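The next block holds one structure in the form of structure tokens; read it before the comments.
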Amino acid sequence: DGRIRDKKQKKFRQINRFLEFIRDVSDKLPKDKELTIVDFGCGKSYLTFAMYYYLKIMNGYRVRMIGLDLKSDVIQHCNELAKRFDYEELTFLEGDISSFEGVNQVDMVVTLHACDKATDYALAKAIGWNAKVILSVPCCQHEVNGQFAKADKTQCYDGCLDPIMDYGLLRERFAALVTDGLRAKYLETAGYDTQVLEFIDMEHTPKNILLRAVRADEKRVTKKSAGTAIEKCERFLQIEPTLGRLLADKGENYKE
């Protein structure tokens, strides 16, 4: 009857909120060419289908859209739905973000709750493609918290963070904030105007931070200051996040 099921109301609001962020940057996407858009960690692809409908059907963009996920049964089901709806330029592929090589050029990369380091691999891919727009809502940032546990706090932050580090819940939340702050700075050093925004109210999901990055004029981006901030933060906390390593492996050392 056209009514969203009660248990899907939160997901429905999240998807519509994400579409609002896409609307806000839609003027950065050219209409005179076919856009390639990749949704990393697409899952059941509620967002992927909504993006396709919003951009192509409602707003007339020519799009080629790819959803990537590890679950073969989910990918098969999504491809069947795309075929049923005659969404010919919407394809779902089974695979890992880190090894994905399905395209050479991408205009927009999105991730909605890609877990832990999956977000870093997605951001590194987006930067490598020189994507015009990146919209990422991270999830489950465990890596840095694990690196905190291995660090000798007497030799790095000298106990000044004990009011946070001595309590698991606070340390976990602090690690998540540090992770996303560094991700934002890495995007800046890569030539993006980057914002850290509230994705949606906490009542809908505790994972409510969105990184919105738009490729900018190089002259407007302070690469050196962002790189210096990254280096100081990582040295102080004795951490080495995956995104920095991935960019360095590609010869893109933005700390210099």
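Can you tell me the length gained on complete extension of the stretch residue 197 to residue 156, counting 0.36 nm per residue apart and subtracting the Cα distance?
Extra length available between residue 197 and residue 156 comes to 11.8 nm.
List the residues, sorted by chain then number, that are 5 or more residues from residue 67 or on another chain and whose placed amide H is less than 5 Å from its amide H.
39, 91, 92, 93
Label-point separation (nm) for residue 7 and residue 33, each offset 7 Å from Cα along Cα-to-Cβ?
Inter-label distance under the simple model: 4.4 nm.
In whole Hz, with x marking every Gly and Pro, tabulate ³J(HN,Hα) for the stretch 29-35 from phi via Karplus 6.51 cos²θ - 1.76 cosθ + 1.60, θ = phi - 60°.
3J(HN,Hα) across the stretch 29-35, in whole Hz: 9, x, 9, 9, 8, 6, 8.
Under the rule of at least 5 residues apart or a separate chain, name every residue whose amide H is placed under 5 Å from the amide H of residue 199.
Amide H neighbours of residue 199, under 5 Å, 5+ apart: 209, 210.
How high is the relative contact order of the chain, in percent, with contacts defined as C-alpha pairs under 8 Å that are six or more residues apart?
Value for the chain: 17 percent.
Express the C-alpha Rg of the stretch 41-113 as a ratio against the empirical globular expectation 2.2 N^0.38 Å, rounded to two decimals.
Its radius of gyration relative to the 2.2 N^0.38 Å reference: 1.05.
Give the percent of DSSP beta bridges with both residues in the stretch 27-115 that are antiparallel, rounded to the nearest 5.
0 percent
Run the 1.4 Å probe and let me know the accessible area of residue 94, rounded to the nearest 10 Å².
120 Å²
Compute the whole-percent fraction of alpha carbon pairs in the stretch 32-178 spaced more than 22 Å apart.
Of the Cα pairs, 48 percent sit more than 22 Å apart.
Using the Kirkwood radius over Cα pairs, work out the Stokes-Einstein diffusion coefficient for the chain at 20 °C and 1.002 mPa s, in µm²/s as a whole number.
Answer from the Stokes-Einstein relation: 111 µm²/s.
Quick one: of the DSSP bridges fully inside the chain, what percent are antiparallel, nearest 5?
Of those bridges, close to 35 percent are antiparallel.
Normalised by the number of residues in the stretch 1-138, what is the relative contact order in percent for Cα pairs under 8 Å and 6+ residues apart?
Values: 205 pairs, mean separation 33.5, N = 138.
Reported relative contact order: 24 percent.
Only helical DSSP H runs with n ≥ 4 go in: add -39500 (n - 2.57) per run for the chain, normalise by residue count and round the 222 nm mean residue ellipticity to 500 deg cm²/dmol.
One gets -13000 deg cm²/dmol as the mean residue ellipticity at 222 nm.
Answer with one residue from 109, 98, 148: the one whose Cα lies farthest towards the positive end of the charge dipole of the chain, charges on Cβ with Lys, Arg +1 and Asp, Glu -1.
Farthest towards the positive end: 109.
Restricted to Cα positions, what overall size does the stretch 115-166 have along the principal axes? Three whole-Å values, descending.
Each principal axis gives a Cα extent; for the stretch 115-166 these are 42, 19, 16 Å.
Farthest toward the dipole's positive end in the chain, which of 159, 58, 170, given Cβ charges of +1 (Lys, Arg) and -1 (Asp, Glu) about the Cα centre?
Farthest towards the positive pole: 58.
The values are calculated or read from the model by the stated rules, or taken from the named source; none is laboratory data. Small disclaimer: the values here were computed from a predicted structure and weren't measured. Neighbour counts run over all protein chains shown; Cβ positions are idealised from the backbone, glycine included. When the accessible area is computed, the model is the full protein with side chains, heavy atoms only, and any ligands, DNA or RNA have been set aside. Shrake-Rupley method; radii C 1.70, N 1.55, O 1.52, S 1.80 Å.
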